[in-house]
1. For region 1-59, give me each residue that is in a loop (DSSP other than H, G, I, E, B) and under 29 Å from residue 74 (Cα atoms).
2. Would it be correct to say that residue 74 is assigned to a helix (DSSP H, G or I) and either touching a helix residue (DSSP H, G or I) at 6+ places or on another chain (Cβ under 9 Å) or modelled with pLDDT under 95 (or both)?
């Protein structure tokens, strides 16, 4: 997958994916710290958020893939 700089929707989708990835990494880091500190309250509070953030990241990446297939299929040739 790649970003097409001349496509506003590609730009928007990749920004959305970037934001979702950063949110996922941030909350995953908090969960890992809570686990290292054996903070059971924080662990239970953070786990659902980690899963939501993971799902948002996956959905954002899928939106990029679907957009590329629908709008830029001819540009996919030769791309990995």
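1. If the condition is that a residue be in a loop (DSSP other than H, G, I, E, B) and under 29 Å from residue 74 (Cα atoms), then 1, 2, 3, 4, 5, 6, 7 are the ones that fit.
2. Answer is yes for this residue.
The values are calculated or read from the model by the stated rules, or taken from the named source; none is laboratory data. Remember, it's a predicted structure, so these values are computed and weren't measured experimentally. For neighbour counting, all protein chains shown are included, and Cβ atoms are generated from backbone atoms with ideal geometry for every residue, glycine included.
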